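Contents: one structure, followed by commentary.
The values are calculated or read from the model by the stated rules, or taken from the named source; none is laboratory data. These figures come from a predicted structure and were not determined experimentally. Because the Cβ atoms are built from the backbone with ideal geometry, glycine has one as well, and the counts that use them run over all protein chains shown.
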Amino acid sequence: MHHSNDTTVLAHYYVQRGKEAEFDAVLREHRAGLEESGLINKAVPTQIYRITEEAGTSLYVEIFDWASADAPRIAHTHPIIGPLWNKIAELCEGRGPNGHPFHFPHAKRLQ
């Protein structure tokens, strides 16, 4: 959930081993859905990184800018984004902070 006025999101997804290819496809849908719905700032390119952890598991980091401070709230009930978030949740596992399968810290872009 969005907890500040900062609109840059550094989404962390802790993907289950063996689910990377499926997750890649869902993440592409996610980015397209956010762009098509107007919820993210298309002037700032979305960046996606995959980190191979020591245990051989994958951590994905997706960096994007919400289009507005209200966009995260709208996304939660959006007919395209909500189901994609459910798919993402099914492909992730609780390796993140406090055992969560993903987390979404917001940041203030400095440059």
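If only residues of the range 13-41 that are in contact (Cβ under 8 Å) with a residue 12 or more places away in the chain and among the charged types (D, E, K, R) are counted, the one that is surrounded by the fewest Cβ atoms within 10 Å (Cβ to Cβ) is R17. Taken over the range 80-111, the criterion of being in contact with a Ser or Thr (Cβ under 9 Å, 6 or more places away or on another chain) and loosely packed, with under 15 Cβ neighbours inside 10 Å is satisfied by A107, K108, R109.
When the range 84-110 is filtered for residues that are without any contact (Cβ under 8 Å) to a residue 60 or more places away in the chain, out of contact with any strand residue (DSSP E or B) (no Cβ under 6 Å at 6 or more places or on another chain) and part of a helix (DSSP H, G or I), the ones remaining, listed by number, are L84, W85, N86, A89, E90, N98, G99. Scanning the range 16-68 for residues that are among the acidic types (D, E) and either over 21 Å from G96 (Cβ atoms) or assigned to a helix (DSSP H, G or I) (or both) turns up E20, E22, D24, E29, E35, E36, D65. With respect to (1) out of contact with any strand residue (DSSP E or B) (no Cβ under 9 Å at 6 or more places or on another chain); (2) closer than 17 Å to H106 by Cβ, the lone exception for I80 is condition (2).
Are any of the residues in the range 23-41 in contact with a strand residue (DSSP E or B) (Cβ under 6 Å, 6 or more places away or on another chain), over 21 Å from H76 (Cα atoms) and of a type in the set (A, V, I, L, M)? Scanning the range 23-41 turns up no residue that is in contact with a strand residue (DSSP E or B) (Cβ under 6 Å, 6 or more places away or on another chain), over 21 Å from H76 (Cα atoms) and of a type in the set (A, V, I, L, M). With respect to (1) closer than 17 Å to H100 by Cβ; (2) surrounded by fewer than 19 Cβ atoms within 10 Å (Cβ to Cβ); (3) in contact (Cβ under 8 Å) with a residue 60 or more places away in the chain, the lone exception for V9 is condition (2). For the list (1) buried (at least 16 other Cβ atoms within 10 Å of the Cβ); (2) at pLDDT below 95; (3) within 27 Å of G38 (Cβ to Cβ), I need the number of the one condition that T77 fails. Tallying (1) buried (at least 16 other Cβ atoms within 10 Å of the Cβ); (2) at pLDDT below 95; (3) within 27 Å of G38 (Cβ to Cβ), T77 fails exactly one: (1). When the range 64-83 is limited to residues that are among the β-branched types (V, I, T) and touching a residue at least 24 places away in the same chain (Cβ under 8 Å), the one that is nearest to Q16 (Cα to Cα) turns out to be I81.
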